[in-house]
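All of the numbers you see were taken from the coordinates with simple rules; none came from a lab. Predicted, not measured: the structure shown is a model, and the values here were computed from it. Please note: Cβ atoms are built from the backbone with ideal geometry, for glycine as well, and neighbour counts cover all protein chains shown.
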Amino acid sequence: MILFEKAYNIVMDSAFFSGSEHIDIINSLNRVLAQDILSDMDMPPFDKSAVDGYACRKEDLNNELEIIEIISAGKAPEKTILKNQCSKIMTGAMMPKGADSAIMIEDTEIIDNKKIKYLKDKVKVNICYKGEDFKSGVIVLKKGTVIKPQHIAVLASVGCARPLVSKKIKVAIIPTGDELVEPKEKPTISQIRNSNAYLLLSNVEKISAIPNYVGIAKDSKESIFKMISKALSDNNDIILLTGGVSMGDYDYVPEIMKKLNIKILFDSIATQPGRPTVFGVRENQFIFGLPGNPVSSFVQFELLVKPLIYKMMGHNYKPLNIKLPMGIEYNRKRSTRKSWLPVYINEQGRIIPLDYHGSAHINAFTSADGLISIPIGETTLKKGEIVNVRQI
Ligand code: AMP
Ligand code: MG
């Protein structure tokens, strides 16, 4: 049994980069940028009005101002503002020469359709100045960024219509177990539905890798051999098996991995849940044997598989951790493993561990805001003690 931190380092040190490709901006959500993005222009590209109103000179605002032009967004102004003149201007339109402010239409009164009067005492400038957001040539987005809608807006604004992103990696999913039936089927008295495959498929999909569902392997050496062989020959980068890694009579996964020349780098981690997690490598392919219980699969995916997938796609995954006080005391009996607990944040901003019966109890995670960990050697988290909540 190795420490979680050691297992994490072994996994992360194995990673290699998936490569990159140019794709259309429209398909870039949640992909990882494989290049720094530079701005090709100042933003805003010209001094522009922040309001619908009148572009004018501050010093004239005690006087009536003659309207000399209407400047709509997208039009270049033709006239220069001189003493006691103004141009009607729309939000986002280019400021005319001579003007040093844009007064809001709501703060003016119109006289004879030709002139305006400013009704306020104070003057706000209301101009977005050229280059105030960013200047031409600067890095606006960094390589390794996971592209969210706000990043897409920046890509669009600097004209990057085909960003270079990391290639998606392929992740095969093989649940094992004679007791498993697919969700659409009604289990017999001794069967259960396969939830792990769908848990992992959606987790892989969520981080923009390609899930590849191979199907349920039976608890036989032949079936497990056949399914892993298929996943290996289909050029999957990572293969996720669930179940069949513990001490039961039919837990054949580690044995078959060895038979397939998969080098096992660890087969047991001092964590709870997830102790019998197996990790192996064969050339450029990685194989995880995750414990069968859904919570174990979920937590080990979060702790080990997700950071690996992201690293292979060029992103350094740093889960969001927030420090908050415990709302109640929590005790555990044994402290030989680092444990991870599902918790929620109550209305007072305090951490409450969820009612959790162990690693089969995936329902406890449906109302979880995050996970907290209890280090080896510690059994108690005191009320009020500050803990790290890892968002999931
Ligand atoms: P195992 O690791 O194969 O001993 O499985 C541990 C527990 O997880 C058993 O109670 C299994 O029935 C359950 N389990 C295994 N695979 C799945 C799965 N794909 N979906 C839901 N539960 C599973
Ligand atoms: Mg099993």
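Take segment 321-391, drop everything but the C-alpha atoms, weight them equally and run the Debye formula without solvent; then report log10 I(q)/I(0) at 0.12, 0.16, 0.18, 0.24 Å⁻¹ to two decimals.
Each listed q maps to, in turn, -0.28, -0.50, -0.64, -1.14.
Any idea what the relative contact order of segment 48-173 is, in percent, if you count C-alpha pairs under 8 Å spaced at least 6 apart?
25 percent
Quick check: from the Cα gyration tensor, does segment 1-156 come out rounded (a/c under 1.5), prolate or oblate?
Numbers: a/c = 4.19, a/b = 3.23, b/c = 1.30.
Since a/c reaches 1.5 and a/b is larger than b/c, the shape of segment 1-156 is classed as prolate.
Report Rg (one decimal) and Dmax (nearest whole number) for segment 48-128, counting Cα atoms only, units Å.
10.9, 31
Just for segment 321-391, what percent of DSSP beta bridges are antiparallel, to the closest 5?
95 percent
May I ask for the distance between the Cα centers of segment 89-131 and segment 1-73, given as a whole number of Å?
Result: 27 Å between the Cα centres.
Run through the DSSP bridge list for the chain and note the antiparallel percent, rounded to the nearest 5. Don't jump to the answer; show the numbers that get you there.
Numbers: 49 of 75 bridges.
Taking every DSSP beta bridge with both residues in the chain, the antiparallel ones total about 65 percent.
Cα centroid distance between segment 167-189 and segment 281-324, in Å?
19 Å
For segment 48-128, give the share of DSSP beta bridges that are antiparallel, in percent and rounded to the nearest 5; count only bridges with both residues there. Write out the running numbers ahead of the final one.
Details: 16 of 21 bridges.
Counting DSSP beta bridges with both partners in segment 48-128, the antiparallel share is about 75 percent.
With r as the distance between the Cβ atoms of Tyr317 and Met41 and R0 = 30 Å, compute the FRET efficiency 1/(1 + (r/R0)^6) and round to 0.05. Write out the running numbers ahead of the final one.
Working: r = 32 Å, r/R0 = 1.08.
Result of the calculation: an efficiency of 0.40.
Quick one: net charge of Lys306's neighbours, Cβ under 15 Å, K/R +1, D/E -1?
Cβ neighbours under 15 Å give a net charge of +2.
How would you classify the chain from its alpha-carbon gyration tensor, with a ≥ b ≥ c the square roots of the eigenvalues: rounded for a/c under 1.5, else prolate if a/b is greater than b/c, otherwise oblate? Mind showing how you got there, number by number?
Numbers: a/c = 3.35, a/b = 2.29, b/c = 1.46.
Prolate is the answer for the chain, as a/c is 1.5 or above and a/b outweighs b/c.
Amide H of Ile89: which non-local residues (sequence gap of 5 or more, or other chain) have their own amide H closer than 5 Å, using H built in the peptide plane?
Residues meeting the amide H criterion: Gly53, Tyr54, Ala55, Ile71.
From the Cα gyration tensor of segment 256-346, with a ≥ b ≥ c the square roots of its eigenvalues, which class applies: rounded if a/c is under 1.5, or else prolate if a/b is larger than b/c, or else oblate?
Since a/c reaches 1.5 but b/c is at least a/b, the shape of segment 256-346 is classed as oblate.
Could you name the lysines in cross-link range of Lys306, using Cα to Cα under 18 Å and dropping any fewer than eight places away on the same chain?
Straight-line reach from Lys306, under 18 Å: Lys6, Lys148, Lys167, Lys168, Lys170, Lys206, Lys318.
Taking neighbour Cβ counts within 10 Å as the exposure measure, how do Leu61, Leu265 sort from fewest upward?
Ascending number of Cβ neighbours within 10 Å: Leu265, Leu61.
Can you work out the FRET efficiency for the pair Arg282 and Arg332, with r the C-beta to C-beta distance and R0 = 35 Å, to the nearest 0.05?
Step by step, r from the Cβ atoms, then E = 0.40.
Neighbouring Cβ atoms within 10 Å as the yardstick, rank Val204, Val278, Val146, Val181 fewest first.
Val181, Val146, Val278, Val204
By count of other Cβ within 10 Å, fewest leading, how are Phe286, Phe46, Phe301, Phe134 ordered?
By the 10 Å Cβ count, ascending, the order reads Phe46, Phe134, Phe301, Phe286.
Find the relative contact order for the chain and round it to a whole percent, using C-alpha pairs within less than 8 Å whose residues are 6+ positions apart.
On the way: 895 pairs, mean separation 62.8, N = 392.
After rounding, I find 16 percent.
Using 0.36 nm per residue, how much length does the chain from Ser220 to Lys184 gain when fully extended, once their Cα-Cα distance is taken away?
Going from the current span to full extension adds 10.6 nm.
Which one, Ile127, Ile169, Ile103, is farthest towards the positive end of the dipole of segment 70-171 when Lys and Arg carry +1 and Asp and Glu -1 on their Cβ?
Ile169
Pop the C-beta distance of Asn9 and Glu378 into the FRET formula with R0 = 30 Å and round what comes out to the nearest 0.05.
Values: r = 22 Å, r/R0 = 0.74.
Using R0 = 30 Å, I get an efficiency of 0.85.
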